[in-house]
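The values are calculated or read from the model by the stated rules, or taken from the named source; none is laboratory data. Bear in mind that the values here come from a model prediction, so they are computed numbers and not experimental data. All Cβ positions, glycine included, derive from the backbone under ideal geometry; neighbour counts span all protein chains shown. Heavy atoms of the whole protein, side chains included, go into the accessibility calculation; ligands, DNA and RNA do not. Shrake-Rupley method; radii C 1.70, N 1.55, O 1.52, S 1.80 Å.
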Amino acid sequence: MEVDPRTWLEVLDEAACWRLLTTQPVGRLIVLVDGRIEVFPINYAVHERAVYVRTAPGTKVAGVGGEAVFEVDEAAWMLTQGWSVIARGRLEAVTDPDEIAAAEQLPLRPWADSDKPHFLRLVTEEITGRQVPGSHLRD
């Protein structure tokens, strides 16, 4: 396995990144809106190498069309094991009726008792990951 010489963390390959991305119920969506970085802990689903979220009108929707980042991680006791995956890409609104119907089948259930009519997807252009050496939390 490749090791980052700067941090000594193990570099995860693309397949491992996608596999790990599917293991957690919550990640963080990061968008830039009006020159301000916004971070949202949010439940998500992975489908066809894209990250999907469901939301109400607001800041996340305002980030559509721009660059966005999605991060997910897992850490074990005393940080002796752990990993992090970061997906970078472009945030899109799902507007095609057939794509909306498909997105409605994904496990995206709102936490709050409110209407979340918008499906967004991060079209991933780059995915990277690192893990603490010897971590095998999801192998």
Could you work out the helix-only [θ] at 222 nm for the chain, with each DSSP H run of four or more residues adding -39,500 (n - 2.57) and the total divided by the number of residues, to the nearest 500 deg cm²/dmol? -3000 deg cm²/dmol
HN-Hα couplings for segment 43-55 via Karplus (6.51, -1.76, 1.60; θ = phi - 60°), in whole Hz with x for Gly/Pro, come out as 6, 7, 9, 10, 8, 6, 6, 9, 9, 10, 9, 10, 8
Please identify, among GLN81, GLN24, GLN105, the residue showing maximal mean-square fluctuation in a Gaussian network model of the chain using a 10 angstrom Cα cutoff. GLN105
Around VAL31: net Lys/Arg minus Asp/Glu count, Cβ-Cβ under 14 Å: +1
Rg/Rg_globular for segment 1-82, with Rg_globular taken as 2.2 N^0.38 Å and Rg from C-alpha atoms: 1.27
Using the Cα centre of segment 1-131 as origin and beta-carbon charges of +1 (Lys, Arg) and -1 (Asp, Glu), tell me which of HIS47, VAL72, GLN105 is placed farthest towards the positive end of the dipole. VAL72
Kirkwood hydrodynamic radius of segment 20-139, Cα pairs, Å: 15.0 Å
Where nothing but the Cβ of Lys and Arg (+1) and of Asp and Glu (-1) is charged, how large is the charge dipole of the chain around its Cα centre, in debye to the nearest 20? 320 debye
What longest range of the chain stays clear of loop-exposed GluC sites (Glu not before Pro) (DSSP non-H/G/I/E/B, at most 16 other C-beta within 10 angstrom)? 49-103
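Around ARG88, with a cut-off of 12 angstrom between Cβ atoms, what is the net charge of the other residues, counting Lys and Arg +1 and Asp and Glu -1?
Working: positive: ARG90; negative: GLU67, GLU71, GLU125, GLU126.
Residues close to ARG88 contribute a combined charge of -3.
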Of ARG36, ARG49, ARG109, which has the largest mean-square fluctuation in a 10 Å C-alpha GNM of the chain? ARG36
R0 = 25 Å: FRET efficiency of VAL123 with MET1, Cβ-based, nearest 0.05? 0.35
Under-5 Å amide H pairs with LEU12, H placed in peptide plane, nonlocal only: GLY129, ARG130, GLN131
Just how large is the dipole of segment 89-137 about the Cα centre, in debye to the nearest 20, putting +1 at every Lys and Arg Cβ and -1 at every Asp and Glu Cβ? 340 debye
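Quick check: net charge around SER114, other residues with Cβ under 14 Å of its Cβ, Lys/Arg +1 and Asp/Glu -1?
So the environment of SER114 carries a net charge of +2.
Express the carbon and sulfur contribution to the solvent-accessible surface of the chain as a percent, rounded to the nearest whole number, probe 1.4 angstrom.
On the way: 4370 of 8190 Å².
On the chain, the fraction of accessible area on carbon and sulfur atoms equals 53 percent.
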For the chain, the longest stretch holding no chymotrypsin sites (Phe, Trp or Tyr not before Pro) located in a DSSP loop with at most 14 other Cβ atoms within 10 Å is which? 9-110
